[in-house]
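No value in this document is a laboratory result; all are computed from the given coordinates. Being a predicted model, the structure only gives us computed values, none of them experimental. Using ideal geometry, Cβ is built from the backbone for each residue, glycine included, and neighbour counts are taken over all protein chains shown.
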Amino acid sequence: MRTLDKLREALIEGKVEEVKRYTQQALDEGIPAKTILDQGLVAGMNVVGIRFREGEYFLPEVLLCAKAMHAGLDLLKPLLAGESAQNAGTIVLGTVKGDLHDIGKRIVKAMLEGAGYEVIDLGVDVDTEKFIESVKKHKPLVLGMSALLTTTMRYMKTVIDALQEEGIRDKVKVIVGGAPVNEEFAKSIGADGYAPNAGEAVDLVKHLTAV
Amino acid sequence: MKIREMAYTSAQEMIFGFAKKPVTVANGLTFGNGKVIPEVNFTLPPMDLAHENVPEIRERFKDIANRIMERCVEVQQEEVVIEFEHLFDMTERPDFGAQLTKDLKEVIETYCQSHGIKSALRVTVADIRDRVRPPRMRSGKEIKTMLRSFELCADAGADILSIESTGGKEISDNALMIGDVEGLLFALGVLGPRDMDFLWKEIVSIARRYDVVPGGDTACGFANTAMQLAHQGLLPKVLAAVVRLMSAPRSLVAVEVGAVGPLKDCGYENPIIKAIAGVPISMEGKTSACAHSSPLGNIAAAVCDLWSNESVQDVKLLSGNTPEVFTEMLIYDCRLMNTAIKEKRAEILRDLMVHSDRFLDPQALVLDPKVMYEAACVIVNAGEDKFKQAVAVSRYAYEVLKEAEATGKIRLRGVEAKWLEKIGKILERLPKEEEEFYANVKSRYEGHFIPEEYGLN
């Protein structure tokens, strides 16, 4: 089996040490870093994504595979030139003010990181000022807001209005999620998108950030 | 008080409507004394809880309570419990939560006087300590605010005090995401029980001071989170089933330090605690589908004493708004169970409810009263150590699932079966003593929890 095949298989199995070993072996064989990335790591994660969607993998397997991918990527980064060395982009996430629900947002974060995005997690009970400050500082491609309560979901509009007032609304895509939220609500508050679960949140981010 | 003996002598003895130790609130309404009583919970529609909206929120609360009570009158229901489950702001601002408690109690009392409806108000205070991670469970200002909230609500008319406490959640959230069984044991077998012991001594003390009932606590943030993740295909159902039983020793602590029930609805581990301690329990199932789906619709009712809808947001339907609509649904659920009791056919109905669900999902299987009773025995036989109890009951859950799979009672997908094997192996190699376990895992979770906040070093 070729080294890249072994690398891909190791990644699909979530074997962190083997991914490191085969990534190094591929480099030693003179395979370009970009090829290792595309045909080894990215190709492997694509299979992981399919297995997750088809119910063969659960979240723990996906996160383990993502960890393996990052272990390989760390070896490639110094050798990747220009855009290839960059992550897929920065995303800022937070649960809105008055709401302490965390785990759904954390799962979205983990899935986005698995897809190659850098994620800034502002935590829970995040107020407008903190969202605005983070958007200005990190210049994310996407701002994601989560709410699990009917009494906190409307705060998402407060944040979107504040982005408008600050003149930075057109600099960032805004997505929303959480049990009481739906597509209609997202549209009504001026968000760019809504995702009902973590997997679809990743697809939505990819769609919104596609050049 | 550590419980060393079982309240029940067999699973067959356990049935809906009857608890070994019935509980009575101030107005004489009794739980677990031969009747299942509906417990209604509601939440607000989209609106914000800012100070300037308090008058509108109060009116809305009173209106909802009036509609619930009116529906009780219409369908001739004489007993009902309303649960007021705080949103975070209502605990964060104790006067606000207490005012709403007072408003609800006034409506309840009005209907008691005008129509003779015996009602009770359960107030569930929010655990606001989880705002910052790692949380300060004992030393932060949040615990003082929470206890103040309990106190003011008890004074304002609460009949029953409850909470879904979060000790250990800072570990379990991540442990669930990565399927870390040891992390879950650390959260539910080490941190959770310590926090429960600390917190519930305080709650019981407040309840006694105000002569109200210290109800109980649920592992909602742990086991129900697992159930929901499994429902979304993010976690194996077998793991959620094991976590359910693993959570029971932790929830039992409230009763060990003075809670008397009725335990709160979303604790599907409640039948285990009922088997051990004889306390009445509230449960939720098919009529809580408004809040979340579950594979436990009928089986959850098998040994309940109160029957709840979990929570429903106040929106208009054709026959009225959701709180009164779900009140009516709960009433008819309860009426059927109570008729079965009256006509001495309760065991038949109980068994039908169990049989309808138990082999369709691993999480339903572990809710079978026979499994719950045996799990209770395993906990009692494991001694007083909470870690040992959690390990023993988790192993028991594994064995039940394994046996059911081997005999073809339940069918597990290949990936579920692999997870069950994995869970079994992890449980098998655990150290016997908590001290050794803690020494093994402490560095792994360092920085994610504050040992001193749990009385650990």
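Would you mind finding the longest exposed-site-free stretch of chain A, with exposed GluC sites (Glu not before Pro) meaning DSSP loop and at most 16 other Cβ atoms within 10 Å?
On the way: sites that count: A:Glu13, A:Glu29, A:Glu54, A:Glu56, A:Glu166.
Within chain A, the longest run free of exposed GluC sites (Glu not before Pro) spans A:57-165.
Let me know the mean shielding of A:117-128 by other chains, meaning the per-residue number of their Cβ atoms within 10 Å of its Cβ. Present the calculation step by step, with values, prior to reporting the outcome.
Working: counts 0, 0, 0, 0, 0, 0, 3, 5, 6, 0, 0, 0.
Mean partner shielding for this stretch: 1.
As I understand it, the dipole of the stretch A:90-209 uses +1 on the Cβ of Lys and Arg and -1 on the Cβ of Asp and Glu, about the Cα centre. Which of A:Ala195, A:Val205, A:Met153 lies farthest toward its positive end?
Value computed over the given set: A:Val205.
Quantify how strongly other chains surround peptide A:56-64 by giving the mean number of their Cβ atoms within 10 Å of each of its Cβ atoms.
Values: counts 3, 3, 14, 10, 12, 4, 3, 4, 2.
Going residue by residue through A:56-64 and averaging, the value is 6.
Name the shape class, rounded, prolate or oblate, that the alpha-carbon gyration tensor gives for the stretch B:1-145, where a ≥ b ≥ c are the square roots of its eigenvalues, rounded holds for a/c under 1.5, and otherwise prolate holds if a/b is larger than b/c and oblate otherwise. Numbers along the way, then the final one.
Numbers: a/c = 2.53, a/b = 1.15, b/c = 2.20.
In terms of gyration-tensor shape, oblate.
Give me the dipole magnitude in Debye, nearest 20, for chain B about the Cα centre, with unit charges on the beta carbon: positive for Lys and Arg, negative for Asp and Glu. Can you show the working numbers first?
On the way: 56 positive and 68 negative charges, 184 e Å.
So the dipole magnitude of chain B works out to roughly 880 debye.
Helix B:369-381 sits at what angle to the longest principal axis of chain B, using alpha carbons and giving 0 to 90 degrees rounded to 10?
60
Let me spell out the model: positive unit charges on the Cβ of Lys and Arg, negative unit charges on the Cβ of Asp and Glu, origin at the Cα centre of the stretch A:90-209. What dipole size does that give, in debye rounded to 20?
Taking the Cα centre of the stretch A:90-209 as origin, the dipole is about 140 debye.
What number, rounded to the nearest 500 deg cm²/dmol, is the helix-based mean residue ellipticity at 222 nm of the protein assembly as shown, given -39500 (n - 2.57) per DSSP H run of at least four residues and division by all its residues?
Numbers: 27 runs with 330 residues, N = 668.
Calculated mean residue ellipticity at 222 nm is -15500 deg cm²/dmol.
Give me D for the stretch B:54-207 in µm² s⁻¹, whole number, from Stokes-Einstein with Rh from the Kirkwood sum over alpha-carbon pairs, 37 °C and 0.692 mPa s. Don't skip to the answer; put the middle values down first.
Numbers: Rh = 16.9 Å.
Using the Kirkwood radius from Cα pairs, D works out to 194 µm²/s.
I need the phi-derived Karplus couplings for the stretch A:159-169: 6.51 cos²θ - 1.76 cosθ + 1.60, θ = phi - 60°, integer Hz, Gly and Pro marked x.
Going residue by residue, I get 5, 4, 4, 5, 4, 4, 4, 7, x, 10, 4 Hz, with x marking Gly and Pro.
I'd like to know which of A:Ile12, A:His70, A:Ala26 lies farthest towards the positive end of the charge dipole of the stretch A:3-85, counting +1 on Cβ of Lys and Arg and -1 on Cβ of Asp and Glu.
A:His70
Taking H placed 1.01 Å from N in the peptide plane, check which residues at least 5 places from A:Gly144 or on another chain put their amide H under 5 Å from its amide H.
Amide H neighbours of A:Gly144: A:Val92, A:Leu93, A:Gly94, A:Ile175.
Could you tell me which of the pairs A:Lys34/A:Lys206; B:Lys102/B:Lys264; B:Lys141/B:Lys432; B:Lys286/B:Lys442; B:Lys20/B:Lys105; B:Lys21/B:Lys286 are separated by over 32 angstrom between their Cα atoms in the structure shown?
Beyond 32 Å: B:Lys141/B:Lys432; B:Lys286/B:Lys442.
Once you charge only the Cβ atoms, +1 for Lys and Arg and -1 for Asp and Glu, what is the size of the charge dipole of the stretch B:110-251 about its Cα centre, to the nearest 20 debye? The partial results should precede the final answer.
Numbers: 18 positive and 16 negative charges, 31 e Å.
So the magnitude is around 140 debye.
Taking only the alpha-carbon atoms of the stretch A:3-85, what semi-axes of the equivalent ellipsoid follow from 5 times the gyration tensor eigenvalues under a square root, in whole Å, largest first? Let's see the in-between values first.
Numbers: eigenvalues 94, 30, 22 Å².
Square roots of five times the eigenvalues give 22, 12, 10 Å.
Two decimals, Cα atoms only, Kirkwood Rh: what is Rg/Rh over the protein assembly as shown?
Values: Rg = 25.5 Å, Rh = 26.0 Å.
Ratio value, two decimals: 0.98.
What average count of beta carbons from other chains do you get within 10 Å of the Cβ of residues in B:67-79? Write out the running numbers ahead of the final one.
On the way: counts 0, 0, 0, 0, 0, 0, 0, 0, 0, 0, 0, 0, 0.
Counting Cβ atoms of other protein chains within 10 Å of each residue's Cβ and averaging gives 0.
Tell me the Rg and the Dmax, in Å, that the Cα atoms of chain B produce.
Taking only Cα atoms of chain B, I get Rg and Dmax of 20.9, 62 Å.
Please give me, ordered by residue number, the trypsin sites (Lys or Arg not before Pro) of the stretch B:1-30 that lie in loop per DSSP and have at most 12 other Cβ atoms within 10 Å.
Details: sites: B:Lys2, B:Arg4, B:Lys20; in loops: B:Lys2, B:Arg4.
Passing both the DSSP loop test and the Cβ count: B:Lys2, B:Arg4.
With angles folded into 0 to 90 degrees, how steeply does helix B:141-156 sit against the dominant principal axis of chain B? Use alpha carbons for both and round to 10.
Helix B:141-156 and the main axis of chain B meet at about 40 degrees.
List the GluC sites (Glu not before Pro) within the stretch B:27-82 that DSSP assigns to loop and that have no more than 15 neighbouring Cβ atoms inside 10 Å. Please report the intermediate quantities before stating the final value.
Details: sites: B:Glu39, B:Glu52, B:Glu56, B:Glu59, B:Glu70, B:Glu74, B:Glu78, B:Glu79; in loops: B:Glu78.
Qualifying residues, ordered by number: B:Glu78.
In whole Å, what are the extents of the stretch A:90-209 along the principal axes defined by its C-alpha atoms, from largest to smallest?
32, 29, 24
For the stretch B:363-412, state which trypsin sites (Lys or Arg not before Pro) are in a DSSP loop and have at most 15 other beta carbons lying within 10 Å of their beta carbon. Provide the component values of the computation, followed by the final result.
Working: sites: B:Lys370, B:Lys386, B:Lys388, B:Arg395, B:Lys402, B:Lys409, B:Arg411; in loops: B:Lys409, B:Arg411.
Those that pass, being in a loop and sparsely packed, are B:Lys409, B:Arg411.
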